[in-house]
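Undergrad: Attaching a single structure in structure tokens format; questions to follow.
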Amino acid sequence: IIAEYGVRTDFYKDTSAFVLCYDVTNVDTFRNLESVWLPEAAENGLDVVGGNNNKQSGIVCYVVGTKADLAAGGKRQVSEAEGRKWAQQRGFTFSETSANTGANVNSMFQMMFADIFNARKLP
């Protein structure tokens, strides 16, 4: 696991976007956003405090609930409202997607790339 961590942390340098993903059918993955992923980002020098409202960092921050297609089958453990609220409280953009059906995947990436472009614009 140490080797995996070492490779993963290399990607924090010169980051333009920070995407936190969780599985809407697994509440533990949602809890890990706060207990694992935000602390790891901070430990690796990523300034995500204030999220997209932090204009100095220039980092676009997204929270993405995955496996949204399984939510209709009664497997949802994290409501869309709960995920959205958590993201908004931190100034992050929120989206729910499904890799299985493709729902919102393209639109989320298009929105993120537009946000990156706008964050990088020169005055």
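The values are calculated or read from the model by the stated rules, or taken from the named source; none is laboratory data. Not measured: the values here are computed from a predicted model. Every residue, glycine among them, receives a Cβ derived from its backbone with ideal geometry; neighbour counts consider all protein chains shown. Ligands, DNA and RNA are excluded from the accessible area calculation, which covers all protein heavy atoms including side chains. Shrake-Rupley method; radii C 1.70, N 1.55, O 1.52, S 1.80 Å.
Undergrad: Under the definition of Cα pairs under 8 Å and six or more residues apart, what whole-number percent is the relative contact order of region 47-96?
TA: Numbers: 57 pairs, mean separation 23.7, N = 50.
Result for region 47-96 is 47 percent.
Undergrad: Using Stokes-Einstein with the Kirkwood hydrodynamic radius over Cα pairs, what translational diffusion coefficient do you get for the chain at 4 °C and a viscosity of 1.567 mPa s, in µm²/s rounded to a whole number? Don't skip to the answer; put the middle values down first.
TA: On the way: Rh = 15.2 Å.
It comes out at roughly 86 µm²/s.
Undergrad: Next question. Could you give the longest part of the chain that holds none of the trypsin sites (Lys or Arg not before Pro) found in DSSP loops with at most 14 neighbouring Cβ atoms within 10 Å?
TA: Working: sites that count: 13, 55, 75, 121.
Maximal segment without exposed cleavage sites: 76-120.
Undergrad: Out of the total accessible area of the chain (probe 1.4 Å, heavy atoms of protein only), what percent is carbon and sulfur? If you can, show how the numbers build up before the last one.
TA: Working: 4120 of 7550 Å².
The value for the chain is 55 percent carbon and sulfur by accessible area.
Undergrad: In terms of modelled amide H atoms, which long-range or inter-chain residues lie less than 5 Å from the amide H of residue 57?
TA: none
Undergrad: Tell me what the chain gives for mean residue ellipticity at 222 nm when only DSSP H runs of n ≥ 4 count, each as -39,500 (n - 2.57), the sum divided by the residue total, rounded to 500 deg cm²/dmol.
TA: Values: 5 runs with 46 residues, N = 123.
Value at 222 nm, helices only, nearest 500: -10500 deg cm²/dmol.
Undergrad: Sort region 13-55 into rounded, prolate or oblate with this rule: let a ≥ b ≥ c be the square roots of the eigenvalues of the Cα gyration tensor; rounded if a/c is under 1.5, and if a/c is not under 1.5, prolate when a/b is larger than b/c, oblate otherwise. The partial results should precede the final answer.
TA: On the way: a/c = 2.25, a/b = 1.83, b/c = 1.22.
Cα axes put region 13-55 in the prolate bin.
Undergrad: When only Cα pairs under 8 Å and 6 or more residues apart are kept, what is the percent relative contact order across the chain? Could you put the intermediate results ahead of the total?
TA: Working: 168 pairs, mean separation 33.1, N = 123.
Relative contact order for the chain comes out at 27 percent.
Undergrad: How large is ³J(HN,Hα), in whole Hz, for each residue of region 83-88 in order, when computed from phi with the Karplus curve 6.51 cos²θ - 1.76 cosθ + 1.60 and θ = phi - 60°, using x for Gly and Pro?
TA: Listing the rounded values in order: x, 5, 4, 4, 5, 5 Hz.
Undergrad: Determine the per residue accessible area of region 17-85 with all protein chains present and a 1.4 angstrom probe, expressed in square angstrom.
TA: Working: 3540 Å² over 69 residues.
Roughly 51 Å² per residue, with all protein chains present.
Undergrad: Hey, another quick one. Using modelled backbone amide H atoms (1.01 Å from N, in-plane), which distant-in-sequence or interchain residues come within less than 5 Å of residue 96's amide H?
TA: Under 5 Å from the amide H of residue 96 lie the amide H atoms of 65, each far enough along the sequence or on another chain.
Undergrad: Same structure again: Quick check on region 30-90: what does the Kirkwood estimate of hydrodynamic radius come out to from the alpha carbon pairs, in Å? Show your work: numbers first, answer last.
TA: On the way: mean 1/r = 0.0771 Å⁻¹.
For region 30-90, the Kirkwood estimate is 13.0 Å.
Undergrad: Mind giving me the nanometre distance, one decimal, between the label points for residue 121 and residue 89, set 7 Å out from Cα along Cα→Cβ?
TA: Calculated label separation equals 3.2 nm.
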